[in-house]
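**Q** Let me give you the structure first, and then I'll get to my questions.
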Amino acid sequence: MKTFEELGVAAPLRKAVEELGFENPMPIQERVIPRLLGDAHDIIALAQTGTGKTAAFGLPVLQRVDPAMKQPQALILAPTRELCLQISGDLVDFSIYEPGVRVIPVYGGSSIESQIRAVRTGAQVIVATPGRLIDLIKRHVVKLDEVTTVVLDEADEMLNMGFLDSIEEILSHVPEDRKMLLFSATMPEGILKIAKRYMKDYEEIVVGSRNEGAENVRHIYYMVNARDKYLALKRIADNSPNIYAIVFCRTRRDTQEVADSLIRDGYNAEALHGDLSQQQRDIVMKKFRDRVVSILVATDVAARGLDVSDLTHVINYGLPDDTAVYTHRSGRTGRAGKSGVSIAIIHSREKGKMREIERIIGKNFERKEVPTPEHIIEKQLYCLADRIERVKVNEDEIARYIPGISRKLEWLSEEDLLKRVISLEFNRLLDYYKDAPKIDFIDAKPEKKRKGDKPGHERPKDDAEKDRRTASKGMERIYVNVGKRDGFFAGNLIELLNKLVQGKRVDVGRIDLLPSYSLFDVKKSDARKVVGALTGAEFFGKRLHSEIADADRDYSKLADKKRKRK
């Protein structure tokens, strides 16, 4: 393994990185630093977040600039404000023993006047988000005539966010003989287009394999019914007493609802999504980085460029449609050589999507059972015992209180005292998990078709049919008089409920679609409201009838009678 000195890094920079705890270069640093310091061609580096990318381009960028020249000589583009600030902060730390070198962050969502003043004082390195940089170029505040190095960090994210035109406009202001580096976790088609158009005889450096997941991340999935996803999330959190996690949701609405539910249930959680102002986002992120908040519930867009160290978990509250998005999510844990866990909470219909992700990232997901109440309570108890063992005791401060407390509690035996300490901490958990059921989805083989059944024929009333009309535990079964023959499918049901039911969104459990009618589960508290909303409404001209399902009623005969009357 080479040293930073052997890679050609100058002494002042080496001193800074050693004080920051960098002992040896990481693989991406070994491969990029000497090329960027030398006369190498342009570079495309494919590497996951957390592999040491910032130092890989930051150290040579700082070493190449001329401190005596106050114009920008290096430009680093990042997709988000958060990543922009993270990169500039790291570069300032690296250049602490290079007093003549200045690094300026330029980003949206903050006062442009203060950034204009900072740029006009002179800086050799500008770290920018595309939109704000273009604004400053148009105001003739930033001139890029002397730029010799351009770095595009998280280039695939910039493309996903629609920055291609902005990147092209910025590059039109940079000299053609610049050196260009492009860092990306994945290699979409758009990256190749940028490379062919703007990079000369580029070299591709791959750490790992194209599009693969981070090597030291463990991929786990829990399969539950759709209605039990939130229960599974709580159990995962309870089973990890020191959890420090990002929970990814698909929509802003889901993000806010999950965060609100966690807060209501006593967890240190916050939401991060596009409906928040920049000031609100900054407050949330500060609380998360300071670990005041231990669970951040976020959309992918809001979390882009988010750089947080030591995450214990990344939790996918359902899988994304794009494998590259999953790669970015999972890459936020297991960073800088540490191990991490990427968890997916899925229902049975997402299994195919998971297999496709496995194929592309070259890693297998490990199925695990949702933690049981017994296991959770045992884990929490051992964590409490560990905290008691490690707590710092200030003998001088508490000495005067000990005699009085001892007299107050002397009637308790050692075992009684221990039980009370545990009960103080765990009564809430013990009450919550009392008689709590297993919530794992049980894979069931499809029922074999009976001999003599005709196409479209609905099975006679027997035990299997009765089970179909029986709700799951804690739920109510709802009947509605439209089915597959009416062109009615699960998506239509969800759309109708979202449109017709007032107030909080209804969580739908198991859905059974039959030719002439449908049955589905909702929470008992929502059942009457759902029946009232559906009854009398129309589905493509057909008047709807809905009722709470009776397990002993043969709805196929009821539906057929109504059809014959027409």
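**Q** Quick check on my filter: what residues within segment 93-113 are open to solvent by 20 Å² or more (accessible area, probe 1.4 Å) and over 18 Å from E82 (Cα atoms)?
**A** Hits for segment 93-113 are I96, Y97, E98, P99, G100, R102, E113.
**Q** Given the condition over 24 Å from R329 (Cβ atoms), open to solvent by less than 30 Å² (accessible area, probe 1.4 Å), in contact with a strand residue (DSSP E or B) (Cβ under 9 Å, 6 or more places away or on another chain) and modelled with pLDDT of 90 or more, answer yes or no: does some residue in segment 74-87 qualify?
**A** Of segment 74-87, the ones over 24 Å from R329 (Cβ atoms) are 74-75.
Cutting the leftovers down to open to solvent by less than 30 Å² (accessible area, probe 1.4 Å) gives us 74-75.
Adding the requirement that they be in contact with a strand residue (DSSP E or B) (Cβ under 9 Å, 6 or more places away or on another chain) leaves 74-75.
From what is left, the residues that are modelled with pLDDT of 90 or more are 74-75.
Yes, segment 74-87 has at least one match.
**Q** Hey, another quick one. Before we move on, is A118 of a type in the set (G, A, S) and assigned to a helix (DSSP H, G or I)?
**A** Working: of a type in the set (G, A, S): yes; assigned to a helix (DSSP H, G or I): yes.
In short, yes.
**Q** Another one. Which residues, taken from segment 280-316, are at pLDDT below 85 and under 17 Å from R253 (Cβ atoms)?
**A** D300, V301, A302, A303
**Q** Which residues, counting only those in segment 472-488, are under 14 Å from I511 (Cβ atoms) and surrounded by fewer than 21 Cβ atoms within 10 Å (Cβ to Cβ)?
**A** Within segment 472-488, S472, E476, K484 meet the criteria.
**Q** Count, please, the residues in segment 222-236 that happen to be closer than 30 Å to D386 by Cα and open to solvent by less than 10 Å² (accessible area, probe 1.4 Å).
**A** Counting residues in segment 222-236 that are closer than 30 Å to D386 by Cα and open to solvent by less than 10 Å² (accessible area, probe 1.4 Å) gives 3.
**Q** Out of all the residues in segment 399-441, which are part of a loop (DSSP other than H, G, I, E, B) and either more than 39 Å from the chain's Cα centre (by Cα) or loosely packed, with under 10 Cβ neighbours inside 10 Å (or both)?
**A** In the first step, residues of segment 399-441 are kept if they are part of a loop (DSSP other than H, G, I, E, B); the result is 399-401, 410-413, 433-439, 441.
If the condition is that a residue be part of a loop (DSSP other than H, G, I, E, B) and either more than 39 Å from the chain's Cα centre (by Cα) or loosely packed, with under 10 Cβ neighbours inside 10 Å (or both), then A399, R400, Y401, E410, W411, L412, S413, K434, D435 are the ones that fit.
**Q** Any idea which of (1) under 25 Å from Y222 (Cα atoms); (2) at pLDDT 85 or above; (3) open to solvent by 90 Å² or more (accessible area, probe 1.4 Å) is the one E447 doesn't satisfy?
**A** Failing condition for E447: (2).
**Q** Now for a separate question. Please work out which residue is nearest to H173 (Cα to Cα), limiting yourself to segment 117-136 and to residues that are of a type in the set (V, I, T) and buried (at least 16 other Cβ atoms within 10 Å of the Cβ). Please lay out each step first, then the result.
**A** Within segment 117-136, the subset of a type in the set (V, I, T) is 119, 121, 125-127, 129, 134.
Remaining after also requiring buried (at least 16 other Cβ atoms within 10 Å of the Cβ): 119, 125-127, 129, 134.
Numbers: V119: 17, V125: 16, I126: 14, V127: 16, T129: 15, I134: 10 Å.
Among residues in segment 117-136 that are of a type in the set (V, I, T) and buried (at least 16 other Cβ atoms within 10 Å of the Cβ), the one nearest to H173 (Cα to Cα) is I134.
**Q** Kindly indicate which of D396, D386, D416, D431 is within 30 Å of M223 (Cβ to Cβ) and charged (D, E, K, R).
**A** Numbers: D396 fails: within 30 Å of M223 (Cβ to Cβ); D386 fails: within 30 Å of M223 (Cβ to Cβ); D416 fails: within 30 Å of M223 (Cβ to Cβ).
Checking each option against the conditions leaves just D431.
**Q** Follow-up. Could you check, for segment 45-68, whether at least one of its residues is more than 19 Å from V106 (Cα to Cα), outside any loop (DSSP other than H, G, I, E, B), hydrophobic (A, V, I, L, M, F, W, C) and touching a Leu at 6+ places or on another chain (Cβ under 6 Å)?
**A** Restricting attention to segment 45-68, the residues satisfying the condition of being more than 19 Å from V106 (Cα to Cα) are 45-53, 55-56, 59-60, 63-64, 66-68.
If we keep only those that are outside any loop (DSSP other than H, G, I, E, B) as well, we get 45-46, 53, 55-56, 59-60, 63-64.
Subset that is hydrophobic (A, V, I, L, M, F, W, C): 45-46, 55-56, 59.
Those left that are additionally touching a Leu at 6+ places or on another chain (Cβ under 6 Å): 59.
Yes; the residues of segment 45-68 include at least one that is more than 19 Å from V106 (Cα to Cα), outside any loop (DSSP other than H, G, I, E, B), hydrophobic (A, V, I, L, M, F, W, C) and touching a Leu at 6+ places or on another chain (Cβ under 6 Å).
**Q** Moving to a separate point now. Which strands (runs of 3 or more DSSP E) does segment 507-558 wholly contain that include 1 or more residues that are modelled with pLDDT under 90 and under 32 Å from the mean Cα position of the chain (by Cα)? Explain how you work it out, then say what you get.
**A** On the way: elements: 508-513, 518-523, 546-548.
Output list reads 508-513, 518-523.
Residue-wise test of (1) over 26 Å from L20 (Cα atoms); (2) among the hydrophobic types (A, V, I, L, M, F, W, C); (3) out of contact with any strand residue (DSSP E or B) (no Cβ under 6 Å at 6 or more places or on another chain); (4) part of a helix (DSSP H, G or I).
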residue	(1), (2), (3), (4)
V92	no, yes, no, yes
Y97	no, no, yes, no
I104	no, yes, no, no
G108	yes, no, yes, no
E113	yes, no, yes, yes
K143	yes, no, yes, no
T186	yes, no, yes, no
K193	yes, no, yes, yes
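The values are calculated or read from the model by the stated rules, or taken from the named source; none is laboratory data. In this text the structure is predicted, and so the values were computed from the model without any measurement. Neighbour counts run over all protein chains shown; Cβ positions are idealised from the backbone, glycine included. Note: areas computed on protein heavy atoms with side chains; ligands, DNA, RNA excluded. Shrake-Rupley method; radii C 1.70, N 1.55, O 1.52, S 1.80 Å.
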